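Participant: What follows is a single structure, and I will ask about it in a moment.
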Amino acid sequence: MTRTMSFIEGTGRITLNAIEEVGYHFALFVESLYWVIAGPFLGQPVRIPIIVSEMMKIGVLAVPVVMLLSFSNGVMMAIQGIATLQEFDAESQVVPGIAYSVTREFGVLIAAIVVAGRSGSAIAARIGSMQMSQEVDALRVMGIEPVRHLVAPILLAMLLMMPILTLLADSAALIGGGLYTGIVLKLSLSTFIDRVFETIALYDLMQGVVKSLVFGLLIALIACSNGFSVHGGSEGLGRATTRSVVLSIAAIVVADMIFTYFLNR
Amino acid sequence: MEYEIEEIKGYAIVHLKGDVDLSRSPFARKAILDCLQERKDVLVDLTAVTYIDSSGVASLVEGFQVSRRMSLDFALIGVSDAAMSVLQLARLDQVFPIFASLDARIAHTERRT
Amino acid sequence: MNSQPIIEIRELDAYYGDRKILDQIDLQVNEGEIMVVMGGSGSGKSTLLRHLLSLNRPSAGTIRLFGQDINGLPSRKLHEMRQRIGVSFQGGALFNSLNVEENVAFPLREHTKLDDNTIRIMARMKLEVVNLAGFEKLMPSQLSGGMIKRAALARAIVMDPKLLFFDEPSAGLDPVVSADLDELILRLRDAMGVTIVVVTHELESAFRIADRITVLDRGKILITGTTREVKESDNSRVQNLLNRRTEDVPVNADEYLQRLTDDLTGL
Ligand SMILES: Nc1ncnc2c1ncn2[C@@H]1O[C@H](COP(=O)(O)OP(=O)(O)OP(=O)(O)O)[C@@H](O)[C@H]1O
Ligand SMILES: [Mg+2]
């Protein structure tokens with residue numbers, strides 16, 4: 001009896017905490033948006049050089065890994081696709097298969113997971129250590145809103161870079177898939193590309209891009225809020241960093257599932 | 001907003017006045033640097049200054065440095081006690097040539113030559 | 001001018017969770033005054049400071065700075081007010097990603113449209129004031145404890161604030177460096193007419209710089225007065241603090257034993 005009670009109680013508490021956390025993320029989002037729009041009129045603009053440097057850290061530096069993973073993923077999809085479709089004598093159908101799943105699904109997923117791993121942890125660690133050393137308090141007492149100075153640039157950089165990374169991931173995966181298909185099915189890369197474009201429409205590319213915006217938002221908000229919530233020394237910092245990566249990847253995958261369900265009905 | 005500039009005996013005298021603070025010091029800076037650009041010897045008159053903050057003092061420092069690079073004369077006159085204590089805080093009273101008035105400045109140069 | 005206090009705290013209560021940390025604090029600080037907040041470890045000094053900086057909200061009571069209630073202030077007005085206030089945190093709170101000069105120049109870059117030359121000269125002038133000339137390009141991680149305090153002070157005064165808060169200027173510094181910092185605080189007040197609130201538990205430092213001292217003890221103010229009044233106070237807890245005596249609490253054998261063996265198994 002007491003065990004069930006405590007189970008229910010525990011579940012209740014976890015649910016409450018989760019709701020509170022979601023609320024906090026939402027508030028953080030609204031506040032960042034407020035500064036992006038109203039900041040320039042209040043003498044507190046979101047600084048462009050900071051946005052650019054964040055874009056560099058979040059986006060540009062992630063390009064090589066994103067490309068490599070996507071390329072490999074494209075090759076793997078071609079291998080599996082051809083192997084499966086051979087049983088139905090339908091290997092040639094591998095092209096639309098790859099084209100759809102890359103543009104709608106895997107390009108953006110790989111880009112988002114790489115960014116979550118790289119920047120999700122880096123951002124949480126940076127803001128967390130600023131929180132610990134009272135740098136965040138210092139900003140506040142100088143009359144500089146930490147959300148405006150720290151969060152808004154990260155959010156903007158994320159929203160600008162994620163679609164670009166996604167499109168790069170799409171192309172790397174398609175090239176990977178195309179090269180393998182070309183070798184096995186004696187299809188030239190240009191024929192492969194032609195057939196890809198016959199298959200996919202702008203809608204498919206946009207599906208990836210729209211998702212990338214949502215994933216970018218999730219990564220930025222989860223990383224920043226975990227950074228701000230750091231307390232209790234370096235152990236707390238480590239915990240927040242790990243939590244930031246795990247939570248953002250989980251959020252991405254779940255959000256992706258929901259998206260895919262609604263977009264492909 | 002512009003400060004009055006008077007030319008006497010080969011000197012451009014920049015009369016600063018009121019509060020030379022964050023909002024006003026850019027005008028003081030511009031007035032001083034403009035005179036120097038015209039290759040004039042500059043005296044900055046602080047008599048009518050009620051308050052000068054570090055941005056005002058920084059403008060004076062920049063003016064002095066430019067004048068030295070261009071081998072022009074530069075001095076402060078009419079430094080009030082309040083202004084003096086701001087200069088003293090960064091030990092700049094030992095850096096700027098400081099005189100009571102234009103005449104004192106001229107007397108000083110004549111004595112040297 | 002002197003009619004209105006720069007800081008006016010009325011009946012301030014503060015809690016962390018259920019624990020009452022500050023209890024009915026009343027305090028006024030006048031223009032141009034150096035007020036030292038003294039008290040033993042854990043007495044609530046830093047908590048009081050956080051409330052004055054509007055980093056924490058009071059559970060009850062009001063805090064007025066420059067005559068304005070800081071908790072009723074719209075955020076825009078609060079931002080403006082904060083530009084007239086300088087803060088030097090206990091640990092310095094320098095931005096680790098910026099070098100010393102960039103740290104000091106940071107508030108100017110954020111809040112003013114001054115020419116870059118002016119900003120850099122101002123930053124270096126402040127570094128001269130705190131005797132850190134020549135260390136502009138060092139990163140915070142390359143500074144010693146005393147240098148961090150001085151760099152933080154330079155950053156706190158770069159906007160020529162009217163009100164300066166200084167948390168533990170001399171904690172962890174050797175006596176010479178700490179005396180230097182005290183000297184600096186006095187010079188700042190004399191040259192710029194700043195009102196200064198210093199939080200410290202160093203007695204010597206407190207008596208060297210203070211115009212008035214307020215003594216905090218377990219969240220309550222024991223006494224507020226001139227250095228002389230505090231020295232001559234006949235409150236035993238004040239005297240204990242001044243003479244660095246620890247309180248001799250008589251030992252209750254039963255309770256003491258209970259505390260030591262509480263929760264142990266097999267006893
Ligand atoms: N973030 C916090 N959460 C909960 N309790 C806190 C927190 N910060 C401080 N306290 C408690 O509040 C009390 C007062 O702390 P405060 O930091 O104000 O003391 P202090 O006078 O500055 O001491 P010290 O001289 O050691 O810095 C202490 O008992 C401390 O345990
Ligand atoms: Mg403290």
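The values are calculated or read from the model by the stated rules, or taken from the named source; none is laboratory data. For clarity, every value in this text was computed on a predicted model and none was experimentally measured. Here the Cβ is made from the backbone with ideal geometry for all residues, glycine too, and neighbour counts use every protein chain on show. The accessibility values were calculated without ligands, DNA or RNA, using every heavy atom of the protein model including side chains. Shrake-Rupley method; radii C 1.70, N 1.55, O 1.52, S 1.80 Å.
Participant: I need the full set of residues from region C:10-35 which are within 14 Å of ligand 2 (Cβ to nearest atom) and in contact with a Leu (Cβ under 8 Å, 6 or more places away or on another chain), in order please.
Facilitator: C:Ala14, C:Leu22
Participant: If I filter region C:163-177 down to residues being more than 16 Å from ligand 2 (Cβ to nearest atom) and more than 15 Å from the chain's Cα centre (by Cα), which single residue comes out as nearest to C:His79 (Cα to Cα)?
Facilitator: C:Val177
Participant: Is it true that C:Val215 is touching a residue at least 12 places away in the same chain (Cβ under 8 Å), within 13 Å of ligand 1 (Cβ to nearest atom), under 23 Å from C:His51 (Cβ atoms) and within 13 Å of the chain's Cα centre (by Cα)?
Facilitator: no
Participant: Which count do you get for residues in region C:171-220 that are open to solvent by less than 10 Å² (accessible area, probe 1.4 Å) and either under 13 Å from C:Val37 (Cβ atoms) or assigned to a loop (DSSP other than H, G, I, E, B) (or both)?
Facilitator: So the answer is 14.
Participant: Just to be sure, is A:Arg140 within 22 Å of A:Gly39 (Cβ to Cβ), in contact with a helix residue (DSSP H, G or I) (Cβ under 9 Å, 6 or more places away or on another chain), open to solvent by 10 Å² or more (accessible area, probe 1.4 Å) and among the charged types (D, E, K, R)?
Facilitator: Yes, satisfied.
Participant: Any chance you could count how many residues in region C:1-18 are surrounded by fewer than 20 Cβ atoms within 10 Å (Cβ to Cβ) and not charged (D, E, K, R)?
Facilitator: Residues that pass the stated criteria total 8.
Participant: Next question. Of the conditions (1) open to solvent by 10 Å² or more (accessible area, probe 1.4 Å); (2) within 14 Å of chain C (Cβ to nearest Cβ); (3) within 23 Å of the chain's Cα centre (by Cα), A:Arg148 clears all except one; give me its number.
Facilitator: (1)
Participant: Follow-up. For region C:192-223, enumerate the residues that are of a type in the set (Asp, Glu), within 16 Å of ligand 2 (Cβ to nearest atom) and within 30 Å of B:Ser80 (Cβ to Cβ).
Facilitator: none
Participant: Within region A:211-252, restricting attention to residues that are without any contact (Cβ under 8 Å) to a residue 40 or more places away in the chain and among the hydrophobic types (A, V, I, L, M, F, W, C), which residue is most open to solvent (accessible area, probe 1.4 Å)?
Facilitator: A:Val246
Participant: Against the conditions (1) more than 14 Å from every other protein chain (Cβ to nearest Cβ); (2) away from ligand 1 (no atom under 16 Å from the Cβ); (3) buried (at least 19 other Cβ atoms within 10 Å of the Cβ), where does C:Ser144 fall short? Just the number, please.
Facilitator: The failed condition is (3).
Participant: Follow-up question, since we're still on this one. Go through the residues of region C:70-79 one by one and say whether even a single one is more than 12 Å from ligand 1 (Cβ to nearest atom), closer than 14 Å to C:Phe165 by Cα and either under 18 Å from the mean Cα position of the chain (by Cα) or in contact (Cβ under 8 Å) with a residue 12 or more places away in the chain (or both).
Facilitator: There is no residue in region C:70-79 that is more than 12 Å from ligand 1 (Cβ to nearest atom), closer than 14 Å to C:Phe165 by Cα and either under 18 Å from the mean Cα position of the chain (by Cα) or in contact (Cβ under 8 Å) with a residue 12 or more places away in the chain (or both).
Participant: Filter region C:93-118 for residues that are β-branched (Val, Ile, Thr) and over 21 Å from C:Met81 (Cα atoms); which is nearest to the chain's Cα centre (by Cα)?
Facilitator: C:Val100
Participant: Kindly provide the set of residues from region C:19-54 that are open to solvent by 30 Å² or more (accessible area, probe 1.4 Å) and either within 15 Å of ligand 1 (Cβ to nearest atom) or in contact with a His (Cβ under 9 Å, 6 or more places away or on another chain) (or both), ordered by number.
Facilitator: Once the filter is applied, which keeps residues that are open to solvent by 30 Å² or more (accessible area, probe 1.4 Å) and either within 15 Å of ligand 1 (Cβ to nearest atom) or in contact with a His (Cβ under 9 Å, 6 or more places away or on another chain) (or both), region C:19-54 yields C:Arg19, C:Lys20, C:Asp23, C:Ser41, C:Gly42, C:Ser46, C:Arg50.
Participant: Tally the residues that are more than 14 Å from chain A (Cβ to nearest Cβ) and more than 16 Å from ligand 2 (Cβ to nearest atom), restricting the search to region C:36-62.
Facilitator: Qualifying residue count, region C:36-62: 5.
Participant: Considering each of C:Ala123, C:Ala133 in turn, give the residue that is away from ligand 1 (no atom under 16 Å from the Cβ), touching a Leu at 6+ places or on another chain (Cβ under 6 Å) and within 14 Å of chain B (Cβ to nearest Cβ).
Facilitator: After ruling out the rest, the residue left standing is C:Ala133.
Participant: Return yes when B:Val57 is open to solvent by 10 Å² or more (accessible area, probe 1.4 Å) and within 11 Å of another protein chain (Cβ to nearest Cβ) and no when it is not.
Facilitator: No: the conditions fail for B:Val57.
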